[in-house]
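The values are calculated or read from the model by the stated rules, or taken from the named source; none is laboratory data. Remember, predicted model here, so these are calculated numbers, not experimental data. Note: ideal-geometry Cβ built from the backbone for every residue, glycine included; neighbour counts use all protein chains shown.
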Amino acid sequence: MASSPNLLNLTEQLPRLTHRVDRHLWLNDVLQWVRGDRQSPKQAAARLGLLVDALLARPEMTQAWQAWWQGFVTDADATPLLADLGFASRAAFISDLGHRLRMKLLPSTPDTRDLGALFLFLKPEPFDVQWLQDLDEHTLSGLTRLVLPHAPTQAPPALQASLMDALTYCVGQVNATGHSAEIRTRMASRDENTRPFHELPMALETFRQTLQRSGPHSPECQAAAQGLKDQLDECRHAAYTVYSHLQEHGISVGIVFRLRQLRHLVIRCKHLLEALLTHAPVPAMLALLAHLAQVSHDSRSIGSLWAANSHMLAEKVAQRSAESGEHYITRNLTEYRRMLGKALGGGAVIGLTTWAKFAITALALSPFWAGLAAGTNYALSFVLVMLLHWTVATKQPAVTAPAMAAKLKHIDNDDGVEGFVDEVAHLFRSQIAAILGNLLAVVPVVLLICWGLIQLGLNPLANEAEARYVLSSVSLLGPTALFAAFTGVLLFASSIIAGWVENAFVLHRLDSALRYHPRLRRWIGVRGAERVGLYLQHNISGLAANISLGLMLGLVPVIALFFGLGLDVRHVTLAAGQIAAAAFTLGLPALNTPAFAWALAGLAVIGPLNLGVSFYLAFRVALASQGVSGVNRYRIRRAIGQRLRAQPLSFFRPPQVLPSSVL
């Protein structure tokens with residue numbers, strides 16, 4: 001195993017570094033030595049100062065450095081580093097994601113003339129930004145003597161040419177982005193906002209000619225540079241009007257990605273201008289390197305790519321879910337009774353779903369087709385519940401959580417916090433009403449179906465073996481809690497799918513497309529096509545949520561089985577129906593058995609986990625979209641705890657009238 005480099009070894013190697021790979025490997029060793037244990041940026045900056053002093057201490061070392069530097073500068077192409085690092089080769093989210101995956105999985109080589117590729121080989125990190133910013137005047141002066149011994153106040157011509165080339169490429173990409181169809185057509189006041197992009201090339205050319213004619217330090221060049229900066233800012237502000245269009249007409253991750261690329265391109269252009277115009281080239285280039293080090297680190301992170309470009313989509317999904325979730329929160333006795341009635345209807349439908357599930361099991365289909373049939377059964381049942389305006393308790397948390405988070409905008413004072421706690425109490429009561437209604441309906445409906453089958457001379461829903469399997473599969477002694485939590489994840493996933501589908505429906509204006517679709521108009525008439533477009537506009541989210549949830553409940557266990565994961569789903573209302581069918585088959589004596597008791601205990605766990613996990617995940621997404629601080633989260637937890645101690649019944653008993661906090 002090679003030993004870690006030290007200052008003496010690094011300086012002794014310098015005269016022998018004549019080949020490109022050797023120079024680049026030496027540079028990597030220098031960086032590793034400077035970084036040290038990565039605990040103190042000041043110590044890292046001090047180590048670089050020691051290296052600079054050692055190179056300046058002896059003429060032969062200074063001469064060896066000059067030879068290394070000359071070979072490095074002559075052999076390397078700096079333009080890709082300055083112009084391309086941190087930007088996707090294609091202005092698309094998916095292509096950049098693939099590029100980042102390749103950078104994580106595939107190693108880089110030091111055998112390259114491309115400084116951008118060499119930069120990736122050196123693996124810059126945020127710690128490098130810190131120690132580069134901590135360099136003292138003595139070290140900066142020494143670096144200037146090493147790098148620019150003859151003209152310390154002006155960058156060498158080769159570097160100026162690379163900076164100007166990089167600036168040209170970046171400005172060209174800004175201009176191309178502004179003129180792209182997906183950005184241009186979404187700008188507010190389109191003719192007015194595209195004009196800055198028309199004038200941007202002229203501002204760049206004016207700066208280029210002034211730089212060549214008068215030099216970087218002349219007042220004329222400074223004025224031309226300021227004009228270019230102002231033009232870039234106008235382009236950025238014009239492009240930002242696209243965000244208003246996205247908020248109104250639906251979010252596209254691809255468009256958000258291009259807008260963020262444009263913003264970073266404008267920032268890069270300004271850094272390049274500063275490096276071109278500065279009177280202190282070495283500090284300016286080090287500042288540019290610090291910026292590039294941070295950009296390089298960020299450009300390798302998949303998490304930062306997703307977080308940066310999906311924030312608006314998460315906000316829009318949370319917003320649309322919040323609008324739906326308001327219908328599931330009851331705030332007085334009348335609404336509570338109405339919710340209980342809707343839940344009774346939903347439970348009755350799930351009773352029929354339970355009968356269909358046992359019928360599908362009796363067909364003994366292969367795993368995939370059995371899962372697809374079960375998923376279709378669930379999906380049709382959930383859609384029927386939606387069409388009848390009834391409710392299934394487990395569907396509520398994923399949409400009520402964003403509705404709750406939306407109210408966190410008003411918690412800047414104590415009254416706002418108390419109002420939010422009132423909403424928590426309303427939500428908790430609503431969930432209890434929904435679960436209670438579902439269970440009160442599903443059990444008698446299943447028992448009635450079993451009795452009807454017997455009266456018709458048919459077999460009950462489950463035979464004895466199936467009944468005993470049902471009790472053991474729902475038992476608290478097994479993996480019921482894990483499967484119930486996993487079902488909560490699927491419930492949350494269905495709400496995300498619903499928000500994404502509705503956003504895509506709005507983004508692509510599918511309501512209008514269906515309303516005026518020629519073939520659809522011929523089939524069902526003009527008014528029929530309009531009704532279809534209008535209906536889907538208002539119900540596409542619910543349809544997507546219910547269909548996706550049903551299919552996931554049926555198919556995900558089959559897919560998990562294919563990979564040997566052994567995951568299954570436990571849905572509280574479906575589980576209650578199955579237990580009722582098993583109890584009917586086994587008879588009254590089974591009610592006194594430990595197996596039945598453990599099955600009831602499992603059922604008592606399934607409901608809270610279904611609701612709690614889906615609500616928690618949806619609430620976290622909604623909190624992120626609302627930008628709620630940790631301090632306010634603590635205030636909310638404390639206020640809820642105080643309400644539980646002072647008025648515990650307020651979480652269970654609905655008020656007779658609507659509280660003043662929500663009037």
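Does I302 satisfy the criteria of being buried (at least 21 other Cβ atoms within 10 Å of the Cβ) and over 18 Å from A166 (Cα atoms)? Criteria not met by I302.
Counting residues in segment 455-478 that are over 26 Å from S366 (Cα atoms), in a helix (DSSP H, G or I) and hydrophobic (A, V, I, L, M, F, W, C) gives zero. Restricted to segment 493-594, the set of helices (runs of 4 or more DSSP H) holding at least 2 residues that are within 25 Å of the chain's Cα centre (by Cα) comprises 518-562.
The residues on offer are L388, L436, L448, and the sole one that is within 30 Å of Q642 (Cα to Cα) and at pLDDT 90 or above is L436.
Scanning segment 565-580 for residues that are out of contact with any Pro (no Cβ under 7 Å at 6 or more places or on another chain) and at pLDDT 90 or above yields a total of 11.
Can you say whether D412 is farther than 23 Å from E335 by Cβ, acidic (D, E) and at pLDDT 85 or above, as far as the supplied structure shows? No; evaluated as a whole, the condition is false for this residue. Using the structure shown, decide if G250 is in contact (Cβ under 8 Å) with a residue 12 or more places away in the chain, touching an Asp or Glu at 6+ places or on another chain (Cβ under 9 Å) and on the phi > 0 side of the Ramachandran plot. So G250 passes the test.
The single residue among R637, R653, R645, R633 that is outside any helix (DSSP H, G or I) and either within 25 Å of the chain's Cα centre (by Cα) or at pLDDT 70 or above (or both) turns out to be R653. Listed conditions (1) over 20 Å from A176 (Cβ atoms); (2) touching a helix residue (DSSP H, G or I) at 6+ places or on another chain (Cβ under 9 Å); (3) at pLDDT 90 or above are all met by A188, apart from (3).
Being out of contact with any Lys or Arg (no Cβ under 7 Å at 6 or more places or on another chain) and within 22 Å of G437 (Cβ to Cβ) holds for only one residue in G528, G488, G566, and it is G488.
Looking only at residues in segment 70-80 that are in a helix (DSSP H, G or I) and surrounded by 18 or more Cβ atoms within 10 Å (Cβ to Cβ), which one is farthest from the chain's Cα centre (by Cα)?
If we filter segment 70-80 for residues that are in a helix (DSSP H, G or I), which is where we start, we get 70-75, 79-80.
Add one more test, that the residue is surrounded by 18 or more Cβ atoms within 10 Å (Cβ to Cβ), and what stays is 79-80.
Numbers: T79: 32, P80: 29 Å.
Looking at residues that are in a helix (DSSP H, G or I) and surrounded by 18 or more Cβ atoms within 10 Å (Cβ to Cβ), I get T79.
Checked against the criterion of being touching a Phe, Trp or Tyr at 6+ places or on another chain (Cβ under 7 Å), over 24 Å from Q130 (Cβ atoms) and either not in a helix (DSSP H, G or I) or not basic (K, R) (or both), the candidates A44, A83, A67 yield just one match: A83.
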